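For reference, the structure is listed below as structure tokens.
The values are calculated or read from the model by the stated rules, or taken from the named source; none is laboratory data. Being a predicted model, the structure only gives us computed values, none of them experimental. Backbone-built Cβ (ideal geometry, glycine too); neighbour counts: all protein chains shown. Note: accessible area is taken over every heavy atom of the protein model, side chains too, but ligands, DNA and RNA are not part of it. Shrake-Rupley method; radii C 1.70, N 1.55, O 1.52, S 1.80 Å.
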Amino acid sequence: MEIRKPIPEEIQQIRRLSPQALAEGTLGNAEPNRDKVRQLVEPLLKKGCYYLIAAEEKRLAGWVLIGESKDSFTDRTIGFVYELYVLEHFRGRGISRKLMQEAVEQLKSLGYPEVRLSVYAGNHALHLYESLGFAPRTITMTLPL
């Protein structure tokens, strides 16, 4: 397995699969459609965020979307992991961990003082993030009405 930036055809494949990634990552709370994905991802790509992919025998296994963000309270620039997804067929092989490790290394090499991400409570990836050293920083709470 290799981790690298995707070629244009692989970016197109990510775009086709992104609605499913959005639905799974939000535990079904977001409507999985291409317009929503475009609305969320296009501004990130335009500001310099980029994908890293995991490829196994030239087949896309998963991806992580990384880049810059700004802390809204301190205006400090930080690295951010916007999305992590591994195709179902490739799960259970440590690919998420390898993608995250490479993402953190790249963001560190770019000089960011820290890396953040957001994750839905109940998302199984939470355990991965904690095992990599991520810790809760803020908690968003909800009260259904």
Taking VAL104 and the conditions (1) among the β-branched types (Val, Ile, Thr); (2) touching a residue at least 12 places away in the same chain (Cβ under 8 Å); (3) over 18 Å from ILE66 (Cα atoms), which numbered condition does it fall short on, given that it satisfies the others? (3)
Selection from segment 66-108 of residues that are touching a strand residue (DSSP E or B) at 6+ places or on another chain (Cβ under 6 Å), β-branched (Val, Ile, Thr) and over 15 Å from GLU2 (Cβ atoms): ILE66, THR77, ILE78, VAL81, VAL104
In the list GLY48, GLY92, GLY79, which residue meets the criterion of being under 16 Å from the mean Cα position of the chain (by Cα) and on the phi > 0 side of the Ramachandran plot? GLY48
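Yes or no, residue by residue, for (1) under 25 Å from GLN20 (Cβ atoms); (2) touching a helix residue (DSSP H, G or I) at 6+ places or on another chain (Cβ under 7 Å):
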site: PRO43; (1), (2): yes, no
site: VAL64; (1), (2): yes, yes
site: GLU68; (1), (2): no, no
site: TYR82; (1), (2): yes, yes
site: GLY111; (1), (2): no, no
site: SER118; (1), (2): yes, no
site: LEU126; (1), (2): yes, no
The lone condition ASN123 fails out of (1) surrounded by 18 or more Cβ atoms within 10 Å (Cβ to Cβ); (2) under 14 Å from the mean Cα position of the chain (by Cα) is (1)
When GLY133 is evaluated against the numbered criteria (1) open to solvent by less than 90 Å² (accessible area, probe 1.4 Å); (2) part of a helix (DSSP H, G or I), which criterion, by number, is the only one it fails? (2)
